[in-house]
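Each remark here refers to the structure printed beneath this line.
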Amino acid sequence: MSAPKIDAGVSLTAVSAHTASLAEVLEILDRDGGVIVHDMLSPATVEKLRCELNPTSEATAVGPKVDNKNVNYFWGEQTKRFTRLAQRSQTFVDDVLVHPTLIGVADALLKPHCASYWMNTGQMMIVMPSGAPQYMHRDSDDWPSMCGPTKPVCQISCMFALSDFTAENGATRVATGSHQWSDFSRAAIDSEITQAVMPAGSGMIYTGKTMHSAGANKTKNEPRYGLHMSYLYGWLTPEEAGCLGVTEERAKTFTKQQQQLLGYRCYDASQINGGRLWTVDYEDVPTGLGWTQ
């Protein structure tokens, strides 16, 4: 299914997860800073995610939980956000956290600069009706020394559409090509901004250097359900304390790769002349915690 085009900006290129090669996805990502991949999640997978996360979606209040005007504006006073998705959804663990397309992109772009990467955050972002747009930003601004025109990509992200993303309900805004600007301090002008209009099940993959933001939800009764998933160098501190959001008993049931991404394994760069980080009693986390597997 092709996403409808909009007039603003230079539209993002869309490909199909069923037919596009990893090389094609990487080529578009390098050129544009973002690429829409249709059918990353099947309708059944989207439905399972929505069902498993619905209790928290319903219970979560709109707006941030801190008394800070700037945070309120950025996080969205009409937006619901929550994390701990690996604790709340087995479908997230199996079909999003280790999505093969995202793993392929992260292996290609992050692994040259680290021994391993881990989850930066897995986060539901539900833009409610009358929700204002975010200001345009780069996710890698969280690590200022790692975000600049000459810096390598330290973060790979994907915004999964768990409902149709439309221009009216707040589809993600993207400044196409902004990851290649020579001046990261300048603002995007309207003609440079497009929106990631895409049907449910699609994902918009982008880099931490790409300027973007949530759009405004101009509808009266149509929440926009988005799920953000991102990876980060294993030697940088992530946005979400992933392992603290998942109980040890649950983490024991995950694969080694899932545990690694959630912080239940150490960062071991000893084979590339680096150190071993995030250990317990100088052991890998499961050994240090006395797990028997």
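Readers should treat all values here as calculations from the given coordinates under stated rules, not as data from a laboratory. For clarity, every value in this text was computed on a predicted model and none was experimentally measured. Every residue, glycine among them, receives a Cβ derived from its backbone with ideal geometry; neighbour counts consider all protein chains shown.
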What is the list of residues in the stretch 203-231 whose amide nitrogen lies under 18 Å from a point 7 angstrom out from the Cα of ASP30, following Cα to Cβ? 205-210
Return the subset of LYS151/LYS256; LYS48/LYS252; LYS111/LYS151; LYS80/LYS256; LYS151/LYS252 for which the Cα-Cα distance in this structure is over 25 Å, preserving the input order. LYS151/LYS256; LYS80/LYS256; LYS151/LYS252
Modelled label-to-label distance, THR292 and PHE184, 7 Å Cα→beta-carbon offset: nm? 4.9
Karplus (6.51, -1.76, 1.60) ³J(HN,Hα), θ = phi - 60°, over the stretch 177-189, in Hz, Gly and Pro reported as x: x, 5, 5, 10, 5, 7, 10, 7, 8, 7, 8, 7, 9
Partner aspartates and glutamates for LYS209 [C-alpha distance under 13 Å; skip if fewer than 8 residues away on the same chain]: ASP30, ASP32, ASP139, ASP141, ASP142, ASP183
Sorting TYR231, ALA196, VAL62 by the position of each Cα along the dipole of the stretch 14-244 (Lys, Arg +1; Asp, Glu -1; all at Cβ), the one nearest the positive end of that ordering is VAL62
What ratio of Cα Rg to 2.2 N^0.38 Å holds for the chain? 0.97
Label the stretch 154-293 by shape, choosing from rounded, prolate and oblate, from the square roots a ≥ b ≥ c of the eigenvalues of the Cα gyration tensor; if a/c is under 1.5 it is rounded, and otherwise prolate applies when a/b is larger than b/c, oblate when it is not. oblate
Rounded to the nearest 0.05, what FRET efficiency do ALA23 and ASP281 have when you use their Cβ-Cβ distance and R0 = 41 Å? 0.45
Pop the C-beta distance of ILE272 and THR237 into the FRET formula with R0 = 22 Å and round what comes out to the nearest 0.05. 0.60
